[in-house]
Amino acid sequence: AGVCVGDPVLRTGKPLSVELGPGIMGSIFDGIQRPLKDITELTKNIYIPRGINIPALGRDVKWDFTPSKHIRVGSHVTGGDIYGVVTENSLIQHKIMVPPRSRGTVTYIAPPGHYDISDVVLELDFEDTKEKLTMMQVWPVRQTRPVAEKLMANYPLLTGQRVLDALFPCVQGGTTAIPGAFGCGKTVISQSLSKYSNSDVIIYVGCGERGNEMSEVLRDFPELTMEVDGRTETIMKRTALVANTSNMPVAAREASIYTGITLSEYFRDMGYHVSMMADSTSRWAEALREISGRLAEMPADSGYPAYLGARLASFYERLGRGDRGWEGARAEGELRGTLTRPPPQASLAEADKITLEVAKLIKDDFLQQNGYSPYDRFCPFYKTVGMLHNMITFYELARHAVEATAQAERKVTWATIREHLGDIMYKLSAMKFKDPVKDGEAKITADYAQLNEEMQTAFRNLED
């Protein structure tokens, strides 16, 4: 970084830390929280030049600070107390909190007005020791931000992806790892969760991913919108990106996971539901292996450091639901399954034919979801439940019809069902074409209920 022999080197005396305050949302940082957009505008270069040093949060931006009504001179405050609010954008009300290690009696609180993050907005006195606080906190990334207790999860994380919501449900405040091979779609799932999950804040960490994948996030996210109180807002307003692609320094890649989780914990402390995507933890492990090799540490299995499991565990333990009601986080991955060649239908019993055909229906028309279509890129939970309910009802009615007439003179077979209920089967396949935006919940729910009644009537007529 331009350092020569003989140059003085001074220690900061601080561990690797990040700046926490207004200006995080909508930003893109590298693994050690250098603001990539600001660096590009300053240097006119697509790469980070050596020796560049720009603060993570802009010091020249004025924010509209509003003090909390219940905080006044003489009030007693402690770490985590909210003493003001800044409107960061139309989606995020940035709550200004007392840093975790601070406490005392308020001797000064700034009146409503415009301040930058270096202006003093609160002064505390604790045992004759005065402390001046700004809207910015600095926190070591490898140190967990404190919570009074971990709370039990009590609400689902709705992703809008049927395969996840129906078969692999997760809770807000839960931890999820989805393993998968190269090119299987881990990043696609991570991006889908960022776009459509019921979260207030998204922290997306690209840890060792390809540059084109992060550029895709940057290109797509500003164009994606969500409805908030009748307004259309871009989801980039609730997103912060930590980009450390495969051509960036490996030490910063190792730090990027901790940078992301620290940002997530900060918004958790405000009471927001935070989803953190770490894409991918496997490349983070490779960074640990490379750093361990350069430090000449004794390698373990496959050259990874012996402490790899402990590092992974300590990262996942930082996720969860804290006493201020936060939700985090998800780690990257993908779901895989193998379809073997089915046996010839002629050799199967009638009940097994039904099982095979309904399984094919569920695979093709329920689990498969087109992320590029307006009607199916996001599937609300009521639509997921309605589709699966009708498919299971069809299976149960078909099995009952076959088994109830097995000893009768006029047997109901799968061929009979397919011949007489072809229109019902087509409607089952077409359920996913209902558009939640255009049709709305009431109409879709009513249409699915009507299809259910048609199935019941059709099978009664078939058995009679």
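Annotations for the structure displayed:
- Inter-residue pairs, beta-carbon under 8 Å, first under 17 Å from G80 (Cβ atoms) and in the range 99-115, second among the hydroxyl-bearing types (S, T, Y), 6+ apart: S102/T78; R103/T78; G104/T129; T105/S75; V106/S75; V106/Y83; I109/Y83
The rows are residues; the columns are (1) of a type outside the set (D, E, K, R); (2) open to solvent by less than 30 Å² (accessible area, probe 1.4 Å); (3) in a helix (DSSP H, G or I); (4) closer than 19 Å to S192 by Cβ.
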residue	(1), (2), (3), (4)
Y372	yes, no, no, yes
D376	no, yes, no, yes
C379	yes, yes, no, yes
T384	yes, yes, yes, yes
H400	yes, no, yes, no
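- Filter pass, T12 being open to solvent by less than 70 Å² (accessible area, probe 1.4 Å), among the hydroxyl-bearing types (S, T, Y) and at negative phi: no
- Residue in the range 150-170 that is assigned by the TED database to the domain that holds T225, closer than 19 Å to T245 by Cα and in a helix (DSSP H, G or I) present: no
- Output for the range 213-238, where each listed residue is surrounded by 23 or more Cβ atoms within 10 Å (Cβ to Cβ) and out of contact with any helix residue (DSSP H, G or I) (no Cβ under 6 Å at 6 or more places or on another chain): V217, R238
- Scan the range 272-297 for residues that are open to solvent by 20 Å² or more (accessible area, probe 1.4 Å) and not in a helix (DSSP H, G or I) and the total you get is 5.
- Those residues of the range 387-409 which are of a type in the set (S, T, N, Q) and over 40 Å from the mean Cα position of the chain (by Cα), in sequence order: T405, Q407
- Hits in the range 241-260 - residues which are closer than 20 Å to T159 by Cα and either β-branched (V, I, T) or surrounded by fewer than 23 Cβ atoms within 10 Å (Cβ to Cβ) (or both): none
- Criterion (free of Cβ contacts under 8 Å to residues at least 12 places away in the same chain and of a type in the set (F, W, Y)) met by exactly one of F221, F182, F267: F182
- Test for T159: is it among the β-branched types (V, I, T), modelled with pLDDT under 95 and more than 25 Å from D200 (Cβ to Cβ): no
Here is a yes/no grid of residues against (1) closer than 30 Å to P380 by Cβ; (2) open to solvent by 30 Å² or more (accessible area, probe 1.4 Å); (3) small (G, A, S):
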position: A406; (1), (2), (3): no, yes, yes
position: K427; (1), (2), (3): yes, yes, no
position: A430; (1), (2), (3): yes, no, yes
position: N452; (1), (2), (3): yes, no, no
position: A458; (1), (2), (3): yes, no, yes
position: E463; (1), (2), (3): no, yes, no
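- Filtered residues of the range 143-159 (kept if crowded, with 16+ Cβ neighbours inside 10 Å and among the charged types (D, E, K, R)): R145
- Some residue of the range 320-335 being modelled with pLDDT of 75 or more and of a type in the set (G, A, S): yes
- Extreme residue, farthest from E463 (Cα to Cα), among residues of the range 432-450 that are small (G, A, S) and open to solvent by 40 Å² or more (accessible area, probe 1.4 Å): A442
- Residues in the range 345-359 that are exposed (fewer than 12 other Cβ atoms within 10 Å of the Cβ) and assigned to a helix (DSSP H, G or I) were compared, and the one that is modelled with the lowest pLDDT is A346.
- The test for being open to solvent by 30 Å² or more (accessible area, probe 1.4 Å) and at pLDDT below 90 does not hold for G31.
- Residues of the range 113-142 satisfying the condition of being surrounded by fewer than 20 Cβ atoms within 10 Å (Cβ to Cβ), touching a Lys or Arg at 6+ places or on another chain (Cβ under 8 Å) and not in a strand (DSSP E or B): D116, S118
- Within the range 177-212, the set of residues being surrounded by fewer than 21 Cβ atoms within 10 Å (Cβ to Cβ) and in a loop (DSSP other than H, G, I, E, B) comprises A177, P179, G180, A181, F182, G183, C184, G185, N198, D200, R210.
- Inclusion of I392 among residues that are open to solvent by 70 Å² or more (accessible area, probe 1.4 Å), hydrophobic (A, V, I, L, M, F, W, C) and at pLDDT 95 or above is warranted.
- Some residue of the range 34-51 being surrounded by 14 or more Cβ atoms within 10 Å (Cβ to Cβ) and among the small types (G, A, S): no
- Some residue of the range 264-280 being among the polar types (S, T, N, Q) and modelled with pLDDT of 85 or more: yes
The values are calculated or read from the model by the stated rules, or taken from the named source; none is laboratory data. All values reported here derive from a predicted model rather than from experimental measurement. Ideal geometry is used to build each Cβ from the backbone, glycine not excepted, and the neighbour counts take in all protein chains shown. SASA here: full protein model, heavy atoms, side chains in, ligands and nucleic acids out. Shrake-Rupley method; radii C 1.70, N 1.55, O 1.52, S 1.80 Å.
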